[in-house]
1. Does the range B:112-124 contain at least one residue that is part of a loop (DSSP other than H, G, I, E, B), at pLDDT 95 or above and within 25 Å of B:VAL4 (Cα to Cα)?
2. Quick check: anything in the range A:143-156 buried (at least 20 other Cβ atoms within 10 Å of the Cβ), modelled with pLDDT of 95 or more and more than 19 Å from the chain's Cα centre (by Cα)?
3. So, of the residues in the range A:313-327 that are surrounded by fewer than 22 Cβ atoms within 10 Å (Cβ to Cβ) and in contact (Cβ under 8 Å) with a residue 60 or more places away in the chain, which turns out to be nearest to A:TYR56 (Cα to Cα)?
4. Given B:HIS285, B:HIS276, which one is within 14 Å of chain A (Cβ to nearest Cβ) and either part of a strand (DSSP E or B) or surrounded by fewer than 20 Cβ atoms within 10 Å (Cβ to Cβ) (or both)?
5. What tally of residues in the range B:251-273 results from selecting those that are surrounded by fewer than 19 Cβ atoms within 10 Å (Cβ to Cβ) and farther than 11 Å from A:LEU274 by Cβ?
6. Tell me which residues, restricted to the range A:1-30, are at pLDDT 95 or above, of a type in the set (Ser, Thr, Tyr) and either in contact with a Pro (Cβ under 6 Å, 6 or more places away or on another chain) or surrounded by 12 or more Cβ atoms within 10 Å (Cβ to Cβ) (or both).
7. Check A:GLY176 against each of (1) without any contact (Cβ under 8 Å) to a residue 60 or more places away in the chain; (2) surrounded by fewer than 23 Cβ atoms within 10 Å (Cβ to Cβ) and name the one condition it does not meet.
8. Which one of these is without any contact (Cβ under 8 Å) to a residue 40 or more places away in the chain, of a type in the set (D, E, K, R) and not assigned by TED's automatic domain parsing to the domain that holds B:ALA328: B:ASP216, B:ASP230, B:ASP266?
There are 2 protein chains.
Amino acid sequence: MAEVSNKQVIPREYVTGFPKESDLYVNSTATIKLKLSEAPEHEGSSKKLVLVKNLYLSCDPYQRLFMERIEGLSSQSTSSYTPGSPIYGYGVSGHPDLKAGDLVWGTTYWEEYSRIPEPEGLIKIQHTDVPLSYYTGILGMPGLTAYVGFYEICSPKKGEHVFISAAAGAVGQLVGQFAKLMGCYVVGSAGSKEKVDLLKNELGFDEAFNYKEETDLNAAFKRYFPEGIDIYFENVGGKTLDAVLLNMRVHGRIAVCGMVSQYNLDQAERVTNLMHLVYKRIRLHRFSVRDHYHLHPKFVEFMLPYIRQGKIVYVEDIVEGLESGPRALVGLFKGLNFGKQVVDVSA
Amino acid sequence: MAEVSNKQVIPREYVTGFPKESDLYVNSTATIKLKLSEAPEHEGSSKKLVLVKNLYLSCDPYQRLFMERIEGLSSQSTSSYTPGSPIYGYGVSGHPDLKAGDLVWGTTYWEEYSRIPEPEGLIKIQHTDVPLSYYTGILGMPGLTAYVGFYEICSPKKGEHVFISAAAGAVGQLVGQFAKLMGCYVVGSAGSKEKVDLLKNELGFDEAFNYKEETDLNAAFKRYFPEGIDIYFENVGGKTLDAVLLNMRVHGRIAVCGMVSQYNLDQAERVTNLMHLVYKRIRLHRFSVRDHYHLHPKFVEFMLPYIRQGKIVYVEDIVEGLESGPRALVGLFKGLNFGKQVVDVSA
């Protein structure tokens, strides 16, 4: 089989501060052999490789952490992207000839075709009556993150008061809907009027506010949570966390999914109210979906009926073509996405 | 029965900053009727009161929180002492006529005799072959705190690397010995050479250091934990926590028992390294022994053999008489105690 063109998205250098579109470039001259035995790295190797055609690529906040070298972290915690090589992340892929049942989701590379060195990390897609892109979101890593984070980490109870930051994002929009299903009072924050409207009018949040318009976050929480917050689903960190701490209730739980407001700062914002953990006996748990993949089958069985019956809705922001990838990914850190940000590779 | 004299320790006013001995005074003119039916507050009341004679009173860091009014806290989290009324805290008490089997420990008042309005909070002492003062420490609230905090909250495994701050204190000295029993590598910090020697030479810690002599805490942790920290038993907060965060390993656990270094500050120290919770998937859990009293009987059965066989040692710093109470209690916040600080009321 002949070599084919294989467009790629590649970082030029390590990033500090907010990533710019120009920190990534699209390499249109790469090629790939579509027969594995002809791939040079496969000759004489017993390593099991799988060749996939990438269909959808997922833009996720954690990818910002991979764009820079972080001092003092051992390799076991976070590795970095390599300038000059395609970035990687979650995606939905098929085999190049796309036989039915050959669809997978998992970690792949930002390019048209990829050789996956650890195919055991790819999860076979069983249900294709829902949009395939959902496996980058509501049925994939972010969905499982919301599920594990809310049901396993937050120990929620009916009637509890739940706050979610970055609530219109890939994870937040689901956590809010899960919390409503459980009978909680749910407030979300987001960064635009449109997102706030989405939360209140489409996703069923009790209240929502635009954090950019709140000069005093503590006052905002006092307004929306006069009796305090039982559960904080933490996506942003920094001064939001600091103000939430002042408003948590006794035995509150903070599930730390991420702290995206801090990822682009040279110097992290300082948090001054940790003593409220002590006053109020709060559990603050940084969890990672990576430790919970065994729950994925159970999670999919849980989610599918809600999706099919329209009881949980999911908002995606899909851009077309790898060329749109850099803008979509860096836009995530300015909040330019409206819902889950996805790149449709084959569009 | 006649009225008897009833010496009391009373706060003059709410405290800010480091408490001073003069913030408390000993009232030697109070009296109490030793017959409950004659107590004015009992007349016509159906409230069950118990009259006790206080034997040992416990000096605990959390008491600092009760000495001031903390803004923005609802009554459910922390209440304050009332200037003009005796302070309260943990103690060992008996009935005034001290029949065998009438010994209890639990919350009482800093005075010779007390009427306890909620006697269901008092726990009967079953084993008296150990020093009675132990029920303010190794067999009481601090001991249960160490037990719950280490075994339940830290999820420890053999061989893990454990750091304990305020390691020579009432709780820390036990956590270190529990961790050694489990086969962990254990390092403690304390505030004097004598305490460091105690940790290394008497309590079996692998290493210990005087935090006052470390100008660069991060460097100290790099020295004692070149491979990082799995478990941090947090007693102090502030800059120690900030430096620990830089040195935690993936899946590390931080059990927050207290943050005593912050209790006397007008403005809490700022913590800048919370992003390491994100990088390393750390669980930070503020726990309180108040939520775990049901484990006390199991805990006592666990501890007694170790105490009787001398396999766990416990260092107490006992002062004599209520008159010594104010100095002992405020000394705790300067680290003047050597081991568990106790007031022997009847000495």
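The values are calculated or read from the model by the stated rules, or taken from the named source; none is laboratory data. For clarity, every value in this text was computed on a predicted model and none was experimentally measured. When we count neighbours, we look across all protein chains shown, and the Cβ atoms used for this are built from the backbone with ideal geometry, even at glycine.
1. Looking through the range B:112-124, at least one residue is part of a loop (DSSP other than H, G, I, E, B), at pLDDT 95 or above and within 25 Å of B:VAL4 (Cα to Cα).
2. yes
3. Filtering the range A:313-327 for residues surrounded by fewer than 22 Cβ atoms within 10 Å (Cβ to Cβ) gives A:313, A:315-321, A:323-324, A:327.
Next, from what is left, pick out any that are in contact (Cβ under 8 Å) with a residue 60 or more places away in the chain: A:313, A:315-316, A:318, A:323, A:327.
On the way: A:VAL313: 19, A:VAL315: 15, A:GLU316: 12, A:ILE318: 9, A:GLU323: 13, A:ARG327: 15 Å.
Per the criteria, the residue is A:ILE318.
4. B:HIS285
5. Result for the range B:251-273: 6.
6. Result: A:TYR25, single match.
7. Only one criterion is unmet by A:GLY176, namely (2).
8. Values: B:ASP230 fails: without any contact (Cβ under 8 Å) to a residue 40 or more places away in the chain; B:ASP266 fails: without any contact (Cβ under 8 Å) to a residue 40 or more places away in the chain.
Testing whether each residue is without any contact (Cβ under 8 Å) to a residue 40 or more places away in the chain, of a type in the set (D, E, K, R) and not assigned by TED's automatic domain parsing to the domain that holds B:ALA328 leaves just B:ASP216.
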